[in-house]
Every structure is written in structure tokens, then in C-alpha cells.
Amino acid sequence: MNGARTLATAARVLRQLRHDPRSIALMILVPCLMLVLLRYVFDGSPRTFDTIGASLLGIFPLITMFLVTSIATLRERTSGTLERLLAMPLAKGDLIAGYALAFGLVAIVQSTLATGLALRLLGLDVVGSPWLLLLVALLDALLGTALGLFVSAFAASEFQAVQFMPAVIFPQLLLCGLFAPRDQMQPVLEAISDVLPMSYAVDGMNEVLRHPDITAAFVRDGLVVAGCALLVLTLGAATLRRRTA
């Protein structure tokens, strides 16, 4: 890998995103709008919003970054841009790292806005530090970016990229502990949830919700999410193809 080539790739992706207002709106505004909607759905039960809102503060960025990243990367390949780039002295690792860096910067903006909105305007009440809440939200967004880069290698069209969402995201959403405590699930489902990264994202948010200080469980959850993102990025570089058959 070459640092200059990675930065050049990230700069190119950011320039393209600047001219794509719909993608920017999906990544930046949609998580915030979903949090606002959720707040007023539970308008008569603020404690319910406190319980669910912290978890969804991590889940919404993961989902939106997954969608935008998978479609944007696939578009590069189907248009022939990826083939031209890889014909140059640009390693697959440079390309994946550049994409991750560009979308990671967007994820920082997204997570900062969503966290600030939830805490300052929507009244989300957490016991722990808001900075820890922001950290988990950012890790979740980066995980969504990594998953999107990875699955784009297996889709032949943008429609297929969207179809991966039920296979990759929905099972994690159902088993992450948002709808029922994981230790109360059927044992097989609990075992499956133990290996899904979104479970640790939700657990990390709940640690911040309930504890004023950093706990060992929070450190574990953060490391698992970050490790999964790094692993998936590595797999994405290994499975990256020049074009879609």
C-alpha cells in the first residue's frame, strides 16, 4: 500500500460525493430524521426512547453507510472506473483504504450530527459520556462502510447490492438484542447473535446508557466492532474484482 495513492483515492471519492446530493442526504440527514421520528413515536414514553434511541443511534448509521458504500463501489465497477484505476499502479489495498477513509470522514460528520441531535435537541438521557456514545456510533458507521465495500464484490447490479441488505443487515437487526434480550432468546439464536457484530454495537451503546464510566464490557464491545470492520475491509480487498461479469 502507498499512502499518497490512498489519499488520492479518498480525495477522488469525496469529490464524487460532493456532486451526489442524494447520497449525501441519505448518509447525513436520514439517520437524524429517523431519530426525530422515533422520538415523537415515543412522545408519551420518554424512557422508552432513552432505551431504544441509544441502540438505534448506532444501527441507523450502520445501515445507511452499508447502502451507500455498496452501491457507490458497485457503480465504480460497472462504469469501468475501477478497471481503469486498477490498470494503473494502484493496489487493491490502496483502493479499499481510500474508500474507507473517504466514507469514514463522512461517517464522522454523520455520527457527530446524529449524536448531537439526540443528546441536545431530542433529550436522549444517558448515564455515560456523550463522547463514548459518539465513539460507538462512529465505529458502527465504519462497520457499515466495511460491510458495504465487501458485499459490493458479489453484486452484479445496484439492485442486487440492495438485495444484500435482507441477508446481511436484517438478521443482525433481529438478533442484536434490540427487540429482546439476547440471553432470553432460543439458545441457537443466542449463539448466532454472539458472532454478529451488530450485537456488540448495541451492547456498547447500552453500556454507555447504564454506566457512568468505561467498563470492561464496553472496551470489549468496541474492540469487537473495530476488529470486525478491519477484518471485513481486509476481505473486501482480497475479493475486489475489476469488473462485474
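The values are calculated or read from the model by the stated rules, or taken from the named source; none is laboratory data. If you're wondering where the values come from, they're calculated on a predicted model, not measured in any experiment. Cβ sites come from the backbone with ideal geometry, for glycine too, and all protein chains shown count toward neighbours. With ligands, DNA and RNA removed, areas are computed over all heavy atoms of the protein, side chains included. Shrake-Rupley method; radii C 1.70, N 1.55, O 1.52, S 1.80 Å.
Residue by residue through the stretch 116-133, which ³J(HN,Hα) values in whole Hz follow from phi under the Karplus form 6.51 cos²θ - 1.76 cosθ + 1.60 (θ = phi - 60°), with glycine and proline marked x?
x, 4, 5, 7, 8, 9, 9, x, 4, 9, 10, 7, x, 6, x, 5, 5, 4
Students often get this wrong: which residues of the stretch 123-144 have the backbone nitrogen under 16 Å from the point 7 angstrom along Cα-to-C-beta of residue 40?
Once the point is set 7 Å along Cα→Cβ of residue 40, 123 turn out to lie under 16 Å by backbone N, inside the stretch 123-144.
Fully extended, how many nm does the chain gain between residue 154 and residue 195 (0.36 nm per residue separation, minus their Cα-Cα distance)? Show your work: numbers first, answer last.
Working: separation 41, 0.36 × 41 = 14.76 nm, distance 2.19 nm.
Contour length minus the Cα-Cα distance gives 12.6 nm.
Say R0 is 22 Å: what FRET efficiency, to the nearest 0.05, do residue 162 and residue 28 get from their beta-carbon distance? Write out the running numbers ahead of the final one.
Values: r = 20 Å, r/R0 = 0.89.
According to the calculation, E is roughly 0.65.
Name the residue, out of 220, 120, 75, whose mean-square fluctuation peaks in a Gaussian network model built on the chain with Cα pairs under 10 Å.
The residue that fluctuates most here is 120.
For a test of the definition: using alpha carbon positions, the gyration tensor, and the 1.5 limit on a/c, classify the stretch 83-184 as rounded, prolate or oblate.
Verdict is oblate for the stretch 83-184.
Taking K and R as +1 and D and E as -1, what net charge do the other residues with C-beta under 14 Å from the C-beta of residue 148 add up to?
Details: positive: 75, 77; negative: 76, 140, 158.
Combined, the nearby Lys, Arg, Asp and Glu give -1.
Could you tell me the calculated FRET efficiency between residue 11 and residue 174, based on Cβ-Cβ distance and R0 = 35 angstrom, to the nearest 0.05?
0.35
Would you please state which residues of the stretch 109-127 a label at residue 48 would reach in this model, taking the label point 7 Å out along Cα→Cβ and a backbone N cut-off of under 11 Å?
none
Rank-order 54-66, 126-138 by packing density, defined as the average count of other C-beta atoms within 10 Å over each peptide's residues, highest first.
Ranked from most to least packed, the peptides come out as 54-66, 126-138.
So who's got an amide H within less than 5 Å of the one on residue 215, skipping anything under 5 residues away but keeping other chains? H placed 1.01 Å off N, in plane.
Amide H neighbours of residue 215, under 5 Å, 5+ apart: none.
Can you work out the Karplus-derived ³J(HN,Hα) for every residue in the stretch 213-229? Use 6.51 cos²θ - 1.76 cosθ + 1.60 with θ = phi - 60°, whole Hz, and x for glycine or proline.
10, 5, 9, 4, 5, 5, 4, 4, 4, x, 5, 5, 5, 5, x, 5, 4
Treating the angle as unsigned and between 0 and 90°, give the value, to the nearest 10°, between the Cα long axis of helix 30-41 and the longest Cα principal axis of the chain.
20
How much area per residue is accessible in the chain when the probe is 1.4 Å and only protein heavy atoms are counted (Å²)?
47
Using every alpha carbon pair in the chain, what percent of pairs falls into each 5 Å bin from 0 up to the bin containing the largest distance?
In order of increasing distance, the bins hold 1, 7, 14, 18, 19, 16, 12, 8, 4, 2, 0, 0 percent.
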